[in-house]
Amino acid sequence: MDIESTEVAVVGAGPTGLALAVDLARRGVDAVVLERAGTLFPGSRGKGIQPRTMEVLDDLGVLDAIRTAGGPYPVGMIWQDGHRTGEHRMFEPAEASEDAPYNEPWMVPQWRTQEILHARLAELGGRVAFGREVVGLEQHPAGVIAHLASGAPVRARYVVAADGGRSAVRRAIGIGMTGEAVDPNPTLVADVRVGGLDRDNWHIFPPGADGEGFLALCPLAGTEDFQLVARFPEGTTPDLSLDGIRKVVAARSHLAPEDVTEVRWASDLRPRAALADRFREGRVFLAGDAAHIHSPAGGQGMNTSVQDAYNLGWKLGAVLRDGAARSLLDSYEAERRPVAADVLGLSTRVHRGETRRGEATRQLGIGYRDSSLTAETRRAPGRVRAGDRAPDATVDGVRLFDAFRGPHWTLLALGTPAPATPGRVRVVHGPAHGSYGTGLFLVRPDGWSGDSADGLADYLTRFGLR
């Protein structure tokens, strides 16, 4: 039987798989995305893009398209008996600053984010193979063979499972998940067309005195749709049909059944939190929902997933293109699994009303100070330390996010001379800066900083950059 060959097979064309494929494509890594469905996912589901993920999308070259496609979250409006009774702020306010220019979540329905990433992938020469369902894997010392429900198998040096919470790849390689139900109440989530409501507010219809009957209708930025969320008593099976959704809306709001004119997508969601026991088995990696499942309440799941892809992409590129040791790939689980565990707890607390959507949910504080890749050599490090997110700034007329953009490394020489560096390391010279202080700061491709004033050449050798 003929076997298709590639360097990396990415299973699943959601935001995780597409972001990873974009990152690999810009590094010149041959990759194919295997998607069992015939098209991209059609629903809104993960609609909130957090500031840290905005920075990732900036680096991947799609931020302008994301900003054009979406908009800020509207203010919540509480309704009672057909009357507006007050506003509700979904997020704690935050001011944009020089070091964090993206200060608030940006709303883009998931289907549109996927379209944008897919277009970027095509622009870079990458591809998605639709209708290719992975049903089994064979691991060999030099690679993996993915068997498909139909068509020729695919041989790859590495496979990345980005095929969601029910990941077939995760089950095929025998990795378990540990977790819990976050909420016993089923939740209906749907993209609908609704008349009789303005698009300036996120419309919230609180439950009755018995605690049942919650309904919310959020206008999806850049579309004519609303995302509907309705909670039901434990043991209920929500009716996903147009008639079923019309009945829910009419029973829980002042709207008439006929005000709901169309259901474009609907899902019965059972919120849970779960973490894969490990993120790797040999040459197979887990990313996104295949590795961690979140309640959607905190707006953390898709964002953490895209950041998984961002972390893994440059490491696969370093091994496959730059000659870095395969042991570099061990750092993926070591760095990302603790982050996923922390964010899972945050998502659950937000769902249960134990914490607000604020600084933590913006994800700008996530870092890798304890990573084996982190080398803090200064005697008196300042506010930004090795392993922290690299802040934006303007240094001697150069905007750092512009300097970071791309698959290269960046060396910031602030108030100190820069040693000779390989051509694939961009050097930015400037005076000491308030966010960074003085010193040499080596910024790796996924935007995290490490100070390497001593041993810079040896450090770069680990990543094939000599």
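The values are calculated or read from the model by the stated rules, or taken from the named source; none is laboratory data. Note that the coordinates shown come from a computational prediction; the quantities given were computed from them, not determined experimentally. Every residue, glycine among them, receives a Cβ derived from its backbone with ideal geometry; neighbour counts consider all protein chains shown. Please note that ligands, DNA and RNA were not included when accessible areas were found on the heavy atoms of the full protein model with its side chains. Shrake-Rupley method; radii C 1.70, N 1.55, O 1.52, S 1.80 Å.
Which of the residues spanning region 371-415 are of a type in the set (A, V, I, L, M, F, W, C), over 24 Å from LEU328 (Cβ atoms) and assigned to a strand (DSSP E or B)?
VAL395, VAL398, ALA413, LEU414
In this structure, is GLY61 open to solvent by 10 Å² or more (accessible area, probe 1.4 Å) and under 25 Å from ARG444 (Cβ atoms)?
yes
Can you pull out the residues in region 274-294 that are open to solvent by 10 Å² or more (accessible area, probe 1.4 Å) and either assigned to a loop (DSSP other than H, G, I, E, B) or of a type outside the set (Lys, Arg) (or both)?
Once the filter is applied, which keeps residues that are open to solvent by 10 Å² or more (accessible area, probe 1.4 Å) and either assigned to a loop (DSSP other than H, G, I, E, B) or of a type outside the set (Lys, Arg) (or both), region 274-294 yields LEU275, ASP277, ARG278, GLU281, GLY282, ARG283, ASP289, ILE293, HIS294.
Filter region 376-428 for residues that are of a type in the set (Asp, Glu) and farther than 22 Å from PRO51 by Cβ; which is least open to solvent (accessible area, probe 1.4 Å)?
Out of the qualifying residues, it is GLU376.
Looking at region 185-194, which of the residues that are more than 24 Å from the chain's Cα centre (by Cα) and modelled with pLDDT of 95 or more is least open to solvent (accessible area, probe 1.4 Å)?
Here the answer is VAL192.
For (1) at pLDDT 95 or above; (2) closer than 25 Å to TRP106 by Cα; (3) under 18 Å from the mean Cα position of the chain (by Cα), each residue gets a yes or a no:
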site	(1), (2), (3)
GLU7	yes, no, no
ASP23	yes, yes, yes
ALA31	yes, no, no
LEU34	yes, no, no
ALA37	yes, no, no
GLY48	no, yes, yes
PRO51	no, yes, yes
ASP64	yes, yes, yes
ASP81	no, no, no
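How many residues does region 1-23 contain that are assigned to a strand (DSSP E or B) and closer than 14 Å to ASP289 by Cα?
2
Would you check which residues across region 295-339 are within 19 Å of the chain's Cα centre (by Cα), farther than 19 Å from LEU121 by Cα, open to solvent by less than 10 Å² (accessible area, probe 1.4 Å) and small (Gly, Ala, Ser) and list them?
If the condition is that a residue be within 19 Å of the chain's Cα centre (by Cα), farther than 19 Å from LEU121 by Cα, open to solvent by less than 10 Å² (accessible area, probe 1.4 Å) and small (Gly, Ala, Ser), then SER295, GLY298, SER331 are the ones that fit.
Yes or no: region 226-245 includes at least one residue that is at positive phi and buried (at least 18 other Cβ atoms within 10 Å of the Cβ).
no
Out of all the residues in region 71-110, which are among the hydrophobic types (A, V, I, L, M, F, W, C), under 20 Å from GLN227 (Cβ atoms) and surrounded by fewer than 21 Cβ atoms within 10 Å (Cβ to Cβ)?
The answer is VAL75, MET77, ILE78, MET90, PHE91.
Taking region 96-123 only, how many residues are among the acidic types (Asp, Glu) and over 17 Å from ASP64 (Cβ atoms)?
Total meeting the criteria: 3.
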